[in-house]
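Here the structure comes first, spelled out in structure tokens, and everything after it is commentary.
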Amino acid sequence: MTVGAADARSAHLPVLFKQVMEGLRVREDGTYLDGTFGRGGHARGVLQALGSGGRLLLMDKDPEAIAVAERGFGTDPRVSIFRGSFAELGRWDAASSGLDGVLFDLGVSSPQLDVAERGFSFGKDGPLDMRMDPDAGESAAQWLARASADEIADVLWTYGEERMSRRIARTIVERRIATPLTRTGQLAELIASVMPRPKPSRHEIHPATRSFQAIRIHVNQELADLETGLAAAHDALRPGGRLAVISFHSLEDRIAKRFIAARAKPPAGNRRLPEAAPFVPTLREIGGAIRAGSDELADNPRARSAVLRVAEKLEAVA
């Protein structure tokens, strides 16, 4: 699993950008939804390909991203903007009439990582928040102040594959009695203090990388939102419409891969069980896992963990 700063969205990955545009196969008169607007890199690409009869729907749960969308796109009559998670796209009236393409660019965006006050980065001391929508749900500090050691350890292991999860969790619970954890720097130092020292000859990621990723995923319900959003996108797509998902670590990619496969390929049969109803595919996978090429990897290390998957909605069978 690749974690930490490499989770930043793909706005700076030009090769994947081109492949996303090709995967979406934007038509001039189509309706497309960008469920993770970020700072608008993909949205601009889609809008340039649309004609006057096309529509672009923009979503993001980060209010700063929505402010950027409104400044840059709010006066375009082809554009509609909705503040919220892409898990809510099934409840947005603008998407209810059908979509010709849906894009999810997962993970935390570069602007979120770069602003210390958002609390995503262990490299910049700031409030221990980590919420993509700072007006909804618990902050990381609030969750860490009340969660049990077992709950914290389970999150660190499940979402971060952190081998020292139980030791870190116990230390958090012990330390918070005397000193509440309210800053990213505090948490990063605490985690580093209980981790084994790396061997001098080995290149190691920061000891807090996996834990910060895990807490962020938990606080934002990222994997649950992805599952809900994929189902809603599938239902909203018109026949021939395309779904494009860019992920930056294995947990996200596994969900996207299994979602597409379950609707594109018949399940393995079992001769001992009664014959099930015939499998009817509703998606067609386009190209399998797509990754950045060697030239981009040399210029941009963030591209190493990016995986693009594309699928096409099939005609309903009567």
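The values are calculated or read from the model by the stated rules, or taken from the named source; none is laboratory data. From a predicted model like this one, the values you see are computed outputs, not experimental measurements. Here the Cβ is made from the backbone with ideal geometry for all residues, glycine too, and neighbour counts use every protein chain on show. These accessible areas exclude ligands, DNA and RNA; they are computed on the full protein's heavy atoms, side chains included. Shrake-Rupley method; radii C 1.70, N 1.55, O 1.52, S 1.80 Å.
Out of (1) over 20 Å from the mean Cα position of the chain (by Cα); (2) modelled with pLDDT of 90 or more; (3) basic (Lys, Arg), what's the single condition that is false for Lys124?
It fails just one condition, (2).
When you look at Ala262, is it hydrophobic (A, V, I, L, M, F, W, C), at pLDDT 85 or above and surrounded by fewer than 21 Cβ atoms within 10 Å (Cβ to Cβ), yes or no? Please lay out each step first, then the result.
On the way: hydrophobic (A, V, I, L, M, F, W, C): yes; at pLDDT 85 or above: yes; surrounded by fewer than 21 Cβ atoms within 10 Å (Cβ to Cβ): yes.
For Ala262, the condition - hydrophobic (A, V, I, L, M, F, W, C), at pLDDT 85 or above and surrounded by fewer than 21 Cβ atoms within 10 Å (Cβ to Cβ) - is met.
Mind checking whether some residue in segment 9-20 is modelled with pLDDT of 90 or more, over 30 Å from Ile205 (Cβ atoms) and not in a loop (DSSP other than H, G, I, E, B)?
No, because not a single residue in segment 9-20 is modelled with pLDDT of 90 or more, over 30 Å from Ile205 (Cβ atoms) and not in a loop (DSSP other than H, G, I, E, B).
I need the full set of residues from segment 134-153 which are among the charged types (D, E, K, R) and either surrounded by fewer than 16 Cβ atoms within 10 Å (Cβ to Cβ) or closer than 16 Å to Thr209 by Cα (or both), in order please.
Asp135, Arg146, Asp150, Glu151
Under 8 Å by Cβ, and 6 or more places apart or on different chains, what pairs join a residue from segment 22-40 that is touching a residue at least 40 places away in the same chain (Cβ under 8 Å) and under 11 Å from Arg55 (Cα atoms) with one that is of a type in the set (Ser, Thr, Tyr) and open to solvent by 10 Å² or more (accessible area, probe 1.4 Å)?
Close Cβ pairs satisfying both conditions: Thr31/Ser97.
Run Phe248 past the list (1) open to solvent by 20 Å² or more (accessible area, probe 1.4 Å); (2) closer than 22 Å to Phe122 by Cα; (3) at pLDDT below 95 and report the number of the one that doesn't hold.
(1)
Touching a helix residue (DSSP H, G or I) at 6+ places or on another chain (Cβ under 6 Å), open to solvent by 30 Å² or more (accessible area, probe 1.4 Å), of a type in the set (D, E, K, R) and modelled with pLDDT under 95 - does that describe any residue in segment 282-302?
Among the residues of segment 282-302, at least one is touching a helix residue (DSSP H, G or I) at 6+ places or on another chain (Cβ under 6 Å), open to solvent by 30 Å² or more (accessible area, probe 1.4 Å), of a type in the set (D, E, K, R) and modelled with pLDDT under 95, which makes the answer yes.
Can you confirm whether Thr36 is hydroxyl-bearing (Ser, Thr, Tyr), open to solvent by 40 Å² or more (accessible area, probe 1.4 Å) and at pLDDT below 95?
On the way: hydroxyl-bearing (Ser, Thr, Tyr): yes; open to solvent by 40 Å² or more (accessible area, probe 1.4 Å): no; at pLDDT below 95: yes.
So Thr36 does not fit the description; no.
Go through segment 128-152 and report how many residues are without any contact (Cβ under 8 Å) to a residue 60 or more places away in the chain and within 22 Å of the chain's Cα centre (by Cα). Break it down stepwise before answering.
Here is the first cut: in segment 128-152, the ones without any contact (Cβ under 8 Å) to a residue 60 or more places away in the chain are 128-129, 141-142, 145-152.
Right, trim to within 22 Å of the chain's Cα centre (by Cα) and you get 128-129, 141, 152.
Summing the residues that are without any contact (Cβ under 8 Å) to a residue 60 or more places away in the chain and within 22 Å of the chain's Cα centre (by Cα) in segment 128-152 gives 4.
Can you spot a residue in segment 198-209 that is among the polar types (S, T, N, Q), farther than 24 Å from Thr31 by Cα and either part of a helix (DSSP H, G or I) or free of Cβ contacts under 8 Å to residues at least 40 places away in the same chain (or both)?
As a first pass, look at segment 198-209 and keep what is among the polar types (S, T, N, Q): 201, 209.
Among the residues that remain, those that are also farther than 24 Å from Thr31 by Cα are: 201, 209.
Still in the list and also either part of a helix (DSSP H, G or I) or free of Cβ contacts under 8 Å to residues at least 40 places away in the same chain (or both): 201, 209.
Yes, the conditions are met somewhere in segment 198-209.
Counting only residues that are open to solvent by less than 10 Å² (accessible area, probe 1.4 Å) and touching a strand residue (DSSP E or B) at 6+ places or on another chain (Cβ under 6 Å), which one in segment 47-70 is nearest to Asp93 (Cα to Cα)?
We begin by selecting, within segment 47-70, every residue open to solvent by less than 10 Å² (accessible area, probe 1.4 Å); these are 54, 56-60, 62, 65, 69.
Within this subset, residues satisfying the condition of being touching a strand residue (DSSP E or B) at 6+ places or on another chain (Cβ under 6 Å) are 56-59, 69.
Values: Leu56: 13, Leu57: 11, Leu58: 13, Met59: 13, Ala69: 19 Å.
Top of the filtered list is Leu57.
Return the pair list, or none, for Cβ contacts closer than 6 Å from residues in segment 88-99 that are open to solvent by less than 10 Å² (accessible area, probe 1.4 Å) to residues that are β-branched (Val, Ile, Thr), at least 6 apart or on different chains.
Pairs found: Leu99/Thr31.
Pick from segment 21-33 the residues that are open to solvent by less than 80 Å² (accessible area, probe 1.4 Å) and assigned to a loop (DSSP other than H, G, I, E, B): which of them is farthest from Glu285 (Cα to Cα)? Explain how you work it out, then say what you get.
Taking segment 21-33 as the starting set, the residues that turn out to be open to solvent by less than 80 Å² (accessible area, probe 1.4 Å) are 21, 23-24, 26, 30-33.
Imposing the further condition that a residue be assigned to a loop (DSSP other than H, G, I, E, B) reduces the set to 26, 30.
On the way: Val26: 17, Gly30: 21 Å.
Across segment 21-33, the extreme among qualifying residues is Gly30.
Would it be correct to say that Ile168 is surrounded by fewer than 17 Cβ atoms within 10 Å (Cβ to Cβ) and either at pLDDT 95 or above or more than 18 Å from Lys61 (Cα to Cα) (or both)? First the steps, then the outcome.
Details: surrounded by fewer than 17 Cβ atoms within 10 Å (Cβ to Cβ): no; either at pLDDT 95 or above or more than 18 Å from Lys61 (Cα to Cα) (or both): yes.
No.
Can you tell me which residues in segment 303-318 are at pLDDT below 85 and within 20 Å of Ala256 (Cβ to Cβ)?
Going through segment 303-318, the residues at pLDDT below 85 turn out to be 303-305, 316-318.
Across segment 303-318, the qualifying residues are Ala303, Arg304, Ser305.
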